[in-house]
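One structure is given below, encoded as structure tokens.
The values are calculated or read from the model by the stated rules, or taken from the named source; none is laboratory data. Since we're looking at a predicted model, the values are computed, not measured. Every residue, glycine as well, gets a Cβ built from its backbone with ideal geometry; the counts of neighbours run over all protein chains shown. Side chains are part of the model used for accessible areas, which takes the heavy atoms of the whole protein and leaves out ligands, DNA and RNA. Shrake-Rupley method; radii C 1.70, N 1.55, O 1.52, S 1.80 Å.
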Amino acid sequence: MNTFSIRKLYVLILCSVCVTVIDVQAQMDRRIALADKFYANGDFYTAAQLYEQFLNPLDKKKVEGGLPLNSRRTMKGGTGPTISRMDVLYKQAESYRQAFYMLEASARYKECFEKAADSYPAAYYWHAVCQRSLGFYDQAAASLQVFLDKYAATSPFKAAAEQELQTISFSRNQLRRPDTVLFKVRKAVTSFGAEKGVFAPAPIAGNSWLVTSTITDSPVKAGVNPYRNRLFTAELSSGALTNVTPLSIDSVRSLLNQGVASLGAGGRFLYFTQWSREKGVTRSGIYVASKTESGWSTPLLVSNVNVEGSNSQQPFVTADGRFLFFSSDRSGGVGGFDLWMAPLQPDGSAGTPQHLGAAVNTKADDQAPFYDAATKTLVFASKGLPGMGGFDLFTAHGWGGEWEAPQNMGYPVNSSRDDVYFYARSATSLL
């Protein structure tokens, strides 16, 4: 082979290597673009897994539900010529936190501030939030103090960090209460929804309950969240949920989520939330379905309860079937989501809603109402009152727009994580 041929072969090999490198970089860019799309749509867990494929590209994993992560057919678009690994790591931490995988989020925030503290000062704050949610109060307090001492002066999280220290102090006092030995919290045993969650129980009859959980039922394609919340029936016996069966509702749209249900008087009407999330925005409404021989009729929006441009969710029907409590961000409230109530008509429709007032509603979100008429006790979840972190459960005695000051239900009912849905067949013990 002459010198010219060798040089030509060398140039061809070099060009091939360059093309390969460019192709690999393009695939990485497209993977980040897809992850960003899932992140923007609020599918944080899938986004976290896609970011992982960029951070560790040799790890041939798949997201649960069959979504391909390393497949070329998932790679559409691009994010530009350069991608910072630390930026992706921080975005992954944000994804895990918002998907409530606090241990994974904490580790990634920690790596961010250990390697580039000045570039990611908020990582100190969010790392502390994750640590607090995991019950590591001493470590959380130490991280918050570092954040307040070094970075809070110019940070939008300064007030939130100071509030977190108060939350930690409140939590420590709750854990020291001597009467906690009188309570025992036990997790219901179920082989269903172990990784997806089972929540918002509502009674049907006897040991039968309605619950909400997650299934994979939409077409698996790029940018579409394959997971949906659905309603199920289950039997609760000896602390275990068994015979979990999907609830049969006519004409349910596959790309919508259903959950958090309550039965009207006599079990003739089913009220539940139906929602979707598009471009990072959640739109929810309260629907009603009528009992049929085979299940439930096509859901209809409940009149008066839903307002165009606003969200309503988490319906609760009183035991006598006369009133519907719900949470909504409609105008006329005092914060984000507020608590409302509306009279119910014999045909399942609702009358004009009434705001429960500033005694129970806060400037933050107040959600998931439960009301026991025998004791005139309202139980609800709030982020706007002193608690142990995230949503805590509170009680308030009263009716309509007149309520006593809410009381935190305390540990062990509340925890360092979000505590939202409550139900009791009798609320006498809440007095």
| said: Conditions first: (1) of a type in the set (A, V, I, L, M, F, W, C); (2) over 23 Å from Asn173 (Cα atoms); (3) in a strand (DSSP E or B); (4) out of contact with any Pro (no Cβ under 9 Å at 6 or more places or on another chain). Phe326 passes all but one, so which condition is the exception? | reply: (4)
| Would it be correct to say that Val281 is open to solvent by 30 Å² or more (accessible area, probe 1.4 Å), within 20 Å of the chain's Cα centre (by Cα) and among the aliphatic types (A, V, I, L, M)? | yes
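Residues of the range 316-353 being polar (S, T, N, Q) and under 27 Å from the mean Cα position of the chain (by Cα), which ones?
Our first condition is that a residue be polar (S, T, N, Q); within the range 316-353, this holds for 318, 327-328, 331, 345, 349, 352.
Listed by number, the residues that qualify are Thr318, Ser327, Ser328, Ser331.
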| query | What are the pairs, 6+ residues apart or on separate chains, where a residue within the range 242-263 that is without any contact (Cβ under 8 Å) to a residue 12 or more places away in the chain has its Cβ under 9 Å from a residue that is aromatic (Phe, Trp, Tyr) and open to solvent by less than 50 Å² (accessible area, probe 1.4 Å)? | reply | none
| field | All strands (runs of 3 or more DSSP E) inside the range 340-431 with 2 or more residues being open to solvent by 40 Å² or more (accessible area, probe 1.4 Å) | value | 392-399
| query | Within the range 306-313, is even one residue open to solvent by less than 20 Å² (accessible area, probe 1.4 Å) and touching a residue at least 40 places away in the same chain (Cβ under 8 Å)? | reply | no
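Being modelled with pLDDT of 95 or more and either within 29 Å of Lys291 (Cβ to Cβ) or not hydrophobic (A, V, I, L, M, F, W, C) (or both) is true for just one of Asp365, Asp347. Which residue is that?
Values: Asp347 fails: modelled with pLDDT of 95 or more.
Being modelled with pLDDT of 95 or more and either within 29 Å of Lys291 (Cβ to Cβ) or not hydrophobic (A, V, I, L, M, F, W, C) (or both) holds for just one of Asp365, Asp347, which is Asp365.
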| request: Would you be able to tell me the number of residues in the range 161-209 that are modelled with pLDDT of 95 or more and of a type in the set (A, V, I, L, M, F, W, C)? | output: 4
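For the range 233-252, what are the residues that are in a loop (DSSP other than H, G, I, E, B) and either loosely packed, with under 12 Cβ neighbours inside 10 Å or touching an Asp or Glu at 6+ places or on another chain (Cβ under 8 Å) (or both)?
From the range 233-252, those in a loop (DSSP other than H, G, I, E, B) are 238-239, 247-248, 250-252; that's our starting set.
Hits for the range 233-252 are Ser238, Gly239, Ser251.
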| said: Which numbered condition in (1) open to solvent by 40 Å² or more (accessible area, probe 1.4 Å); (2) of a type in the set (Gly, Ala, Ser); (3) modelled with pLDDT under 90 is the only one that Ala107 fails? | reply: (3)
| said: Of everything in the range 32-50, what is in a helix (DSSP H, G or I), open to solvent by 20 Å² or more (accessible area, probe 1.4 Å) and out of contact with any Ser or Thr (no Cβ under 8 Å at 6 or more places or on another chain)? Give them in sequence order. | reply: Lys37, Ala40, Gln49
| note | Considering the range 122-150, residues that are out of contact with any Cys (no Cβ under 8 Å at 6 or more places or on another chain) and within 18 Å of Val88 (Cβ to Cβ), and then whichever is surrounded by the fewest Cβ atoms within 10 Å (Cβ to Cβ), we arrive at Ala122
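Taking helices (runs of 4 or more DSSP H) that fall entirely within the range 92-179, which contain at least 2 residues that are without any contact (Cβ under 8 Å) to a residue 24 or more places away in the chain and either in contact with a strand residue (DSSP E or B) (Cβ under 6 Å, 6 or more places away or on another chain) or among the polar types (S, T, N, Q) (or both)? Outline the logic, then answer.
Values: elements: 102-116, 122-133, 137-150, 158-175.
The qualifying helices (runs of 4 or more DSSP H) are 137-150, 158-175.
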| query | Within the range 285-301, how many residues turn out to be open to solvent by 30 Å² or more (accessible area, probe 1.4 Å) and in a strand (DSSP E or B)? | reply | 5
